[in-house]
1. How far is it, in nm, from the label point at residue 265 to the one at residue 30 when both lie 7 Å from their Cα along the line to the Cβ?
2. Using mean Cβ contacts within 10 Å as the protection proxy, how do 90-99, 219-228, 44-53, 137-146 order, highest first?
3. Apply the Karplus curve 6.51 cos²θ - 1.76 cosθ + 1.60, θ = phi - 60°, to the phi angles in region 225-233 and return the couplings in whole Hz, x for Gly and Pro.
4. Of the candidates 65, 265, 204, which one comes out as most mobile in a Gaussian network treatment of the chain with C-alpha springs shorter than 10 Å?
5. Taking only C-alpha pairs under 8 Å that are 6+ residues apart, what is the relative contact order of region 138-255 in percent?
6. Roughly how many Å is it from the Cα centre of region 91-107 to that of region 134-177, as a whole number?
7. So what's the back-of-envelope 222 nm ellipticity for the chain, counting only DSSP H runs of four-plus at -39500 (n - 2.57) apiece and dividing by all residues, rounded to 500?
8. Assuming a ≥ b ≥ c are the square roots of the Cα gyration tensor eigenvalues, decide whether the chain counts as rounded (a/c under 1.5), prolate (otherwise, with a/b larger than b/c) or oblate.
Amino acid sequence: MDQESAYTPPTVWQWDKGSGGEWANINRPIAGATHDKELPVGDHPLQLYSLATPNGQKVTIMLEELLALGITDAEYDAYPIKINEGDQFGSGFVEVNPNSKIPALVDRSTNPPTQVFESGSILLYLAEKFGVLLPSEPAQRTECLSWLFWQMGSAPYLGGGFGHFYSYAPTKIEYCIDRFTMETKRQLDVLDRQLAENPYISGEEYTIADIAIWPWYGGLVLNRLYNAAEFVDAQSYTHLMRWAKAIDARKAVQRGRMVNRTWGELEEQLHERHSASDFDTQTQDKLKK
């Protein structure tokens, strides 16, 4: 960027509704609902309102893993929140998650119902509720939670930083792309070094740390995020790639990736999920509803 095109911040920033690139129509500097819209409620105690973005995949993968373990109380209904259409600003969703971000979970097995938002919080809630996928031994539990919170703090640099400026921003800015690519590659190296010594993120066991990290960083190296695997030289992170492919092969992960997906190949979409049979009975007509 040359001196003539350098940006000087104003004394008081004003919201320009015309800026922001692809997601400009849903980005705003204020919170709260924009319209009245109740959330649908299905038959199961667990009600999920989400979309199959990386953050949404964390929870649907978790729920499918719980069901794969034979935990029938983890049956759930999953409804899509179409963030490109502003569903996250409906009054019902904002009541569950005042931050207006997917995913959000309501557990109606409790009285009153328990409302949980933030993907990491939902993973921890479900792991503690059902007593699985989170080590009970204190040191191992702490290690798992350290990596869970590492993902919460690190992924915004990958998504809102690298992903935005590399893929979505209306103008390609060299400084921004360089800055966030450097940080993304540093994070990939952190994971690669950890996985050189461990089969899973926090040790010998598959945990909520793997479930949290895989949709973002596994998705990136498997070229499912931003079409950027070559750009970040994903193949050079051999231990991370080994782990990403191993997680990708899990049946519960494959199912979880489909839930609330409304784009891509039809066979990879399941707009709503109400029972395990939905994966087997989906048709093209159903997907178009």
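Every number in this text was worked out from the coordinates using simple rules, so none of it is lab data. Worth saying up front: this structure is predicted, and the values here are computed from it rather than measured. All Cβ positions, even for glycine, are placed from backbone atoms using ideal geometry, and neighbour counts span all protein chains on display.
1. For residue 265 paired with residue 30, the spin-label model returns 4.5 nm.
2. Details: 90-99: 16.8, 219-228: 18.9, 44-53: 22.7, 137-146: 14.2.
Result, highest mean first: 44-53, 219-228, 90-99, 137-146.
3. With coefficients 6.51, -1.76 and 1.60, one gets 10, 6, 6, 10, 4, 5, 4, 8, 6 Hz.
4. Maximum fluctuation in the GNM of the chain, among the listed residues, is at 265.
5. Working: 107 pairs, mean separation 29.6, N = 118.
Across region 138-255, relative contact order equals 25 percent.
6. Answer, in whole Å: 22.
7. Numbers: 10 runs with 109 residues, N = 289.
Calculated at 222 nm, the ellipticity per residue is -11500 deg cm²/dmol.
8. Values: a/c = 1.63, a/b = 1.16, b/c = 1.41.
Judged from the Cα gyration tensor, the chain comes out oblate (a/c at least 1.5, b/c at or above a/b).
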